[in-house]
Amino acid sequence: MLKKAPKLKYIIKTKSKSNINVRPTSEAMIELLTLVFLNSLAEEAKSKAFEEKSATIRAHHLKAISKKMLKKSRG
């Protein structure tokens with residue numbers, strides 16, 4: 001199991017504007033927040049699959065939960 005999201009630093013640097021400097025502590029915080037989000041997404045998808053009496057987590061479980069979580073995060 002991976003301990004961090006792959007190539008996350010590279011993605012953040014390419015999507016950020018060129019005049020913004022991201023310090024190493026900020027990069028670490030972004031990685032931690034991403035991992036916390038992914039962990040909660042996995043837990044919610046697992047509970048959704050359990051509610052539907054499914055033994056495996058499928059793509060439609062993740063899609064439904066990610067929509068709900070993103071709507072909740074927007075406010």
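What's the total number of residues in region 1-59 that are among the hydroxyl-bearing types (Ser, Thr, Tyr), open to solvent by less than 100 Å² (accessible area, probe 1.4 Å) and at pLDDT below 75? Before the answer, list the steps.
Initially, region 1-59 is screened for residues among the hydroxyl-bearing types (Ser, Thr, Tyr), giving 10, 14, 16, 18, 25-26, 34, 40, 47, 54, 56.
From the residues that got through so far, the ones that are open to solvent by less than 100 Å² (accessible area, probe 1.4 Å) too are 14, 16, 26, 34, 40, 47, 54, 56.
From what is left, the residues that are at pLDDT below 75 are 14, 16.
Summing the residues that are among the hydroxyl-bearing types (Ser, Thr, Tyr), open to solvent by less than 100 Å² (accessible area, probe 1.4 Å) and at pLDDT below 75 in region 1-59 gives 2.
Residue by residue through region 60-75, note down the ones that are of a type in the set (Gly, Ala, Ser) and either touching a residue at least 24 places away in the same chain (Cβ under 8 Å) or surrounded by 12 or more Cβ atoms within 10 Å (Cβ to Cβ) (or both).
Within region 60-75, the subset of a type in the set (Gly, Ala, Ser) is 64, 66, 73, 75.
Across region 60-75, the qualifying residues are Ala64, Ser66.
The values are calculated or read from the model by the stated rules, or taken from the named source; none is laboratory data. Predicted model only: the values in this text are computed from it and were never measured. Every residue, glycine among them, receives a Cβ derived from its backbone with ideal geometry; neighbour counts consider all protein chains shown. These area figures cover heavy atoms from the full protein model, side chains too; ligands, DNA and RNA do not enter into them. Shrake-Rupley method; radii C 1.70, N 1.55, O 1.52, S 1.80 Å.
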